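Here is the structure we will look at.
The values are calculated or read from the model by the stated rules, or taken from the named source; none is laboratory data. The structure presented is a predicted model; accordingly, all values stated were derived computationally and were not measured. Reconstructed Cβ throughout: ideal geometry from the backbone, glycine too, with neighbour counts over all protein chains shown. The area values use the complete protein model at the heavy-atom level, side chains included, leaving out ligands, DNA and RNA. Shrake-Rupley method; radii C 1.70, N 1.55, O 1.52, S 1.80 Å.
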Amino acid sequence: MIKTLHTSSAPAAIGPYSQGKIVDGFLFASGQIAINPANGNIEDDTIEGQTKRVCENIAAILKEAGADFDSVIKTTCFLKNISDFGAFNEIYGEYFSSKPARSCVGVGDLPKTALVEVEIIANNICTAVRQAPSEMRRHYPRGFVFFALNSRQLPVFVETACPQPIFSPL
């Protein structure tokens, strides 16, 4: 099942696309630029300011999906000026502390003359299981957890060999 994601806390799409799609517990979010969702404008002309706004927009999309920055698996980052790489990394690292896989490339131009665009892939099952109250979780051997969701048991496999457990539906 594919669910289209929308939140008014992040900028509306400026073309024929959605803010994101959720498929089998994974969030595929469209690229975010530094648009303020309240007025539809880019308000900062520095890489630092725009990167913060992009990350705030991503936070709103993650929240709507029931996820957080720790659930982000992969990012793709586009910089108008690759010379902004260091300054971009400083701000990016404040939000993406779990260090997801990433590609970062310099591009000729971005929509609305933005300096940065970031798209993400996240697993929102991870956050649901991590944040579930302990009474909703039943642990079993071999990394299996049965997660009670809406009066039914949802079997989830927990990969315990990773520094940060990865949860995936069975």
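Which part of the range 55-73 falls in the paramagnetic zone of residue 99, meaning amide N under 16 Å from the point 7 Å along Cα-to-beta-carbon?
Of the residues in the range 55-73, 70-73 have backbone N under 16 Å from the label point off residue 99.
Keeping to pairs on different chains or 8 or more places apart, tell me how many lysine pairs in the range 6-129 have Cα atoms under 16 Å apart.
Taking the Cα cut-off of 16 Å, the pair count is 5.
Using a simple spin-label model with points 7 Å from Cα along the Cα→Cβ vector, what separation in nm is obtained for residue 23 and residue 112?
If labels sit at residue 23 and residue 112, their model points lie 2.6 nm apart.
Compute, for residue 80, the solvent-accessible surface of its heavy atoms (probe 1.4 Å) with the complete set of protein chains present, and express it in square angstrom to the nearest 10.
70
For a quick check of your reading of the filter: which chymotrypsin sites (Phe, Trp or Tyr not before Pro) in the range 1-98 sit in a DSSP loop and have no more than 12 other Cβ atoms within 10 Å?
17
Give me the percent of accessible area attributable to carbon and sulfur for the range 1-90, probe 1.4 angstrom.
53
Which of rounded, prolate, oblate describes the range 1-62, given a ≥ b ≥ c as roots of the alpha-carbon gyration tensor eigenvalues and a/c under 1.5 marking rounded, otherwise prolate only if a/b is larger than b/c?
prolate
If a/c stays under 1.5 just call it rounded; otherwise compare a/b with b/c (prolate if a/b is bigger, oblate if not). Do that for the range 28-123, with a ≥ b ≥ c from the square roots of the Cα gyration tensor eigenvalues.
It comes out oblate by the Cα gyration axes.
Determine how large the accessible area of residue 97 is when every protein chain is in place; take a 1.4 Å probe and give Å² rounded to the nearest 10.
80
If you count only protein heavy atoms with a 1.4 Å probe, what accessible area per residue comes out for the range 33-116, rounded to a whole Å²?
Per-residue value: 47 Å².
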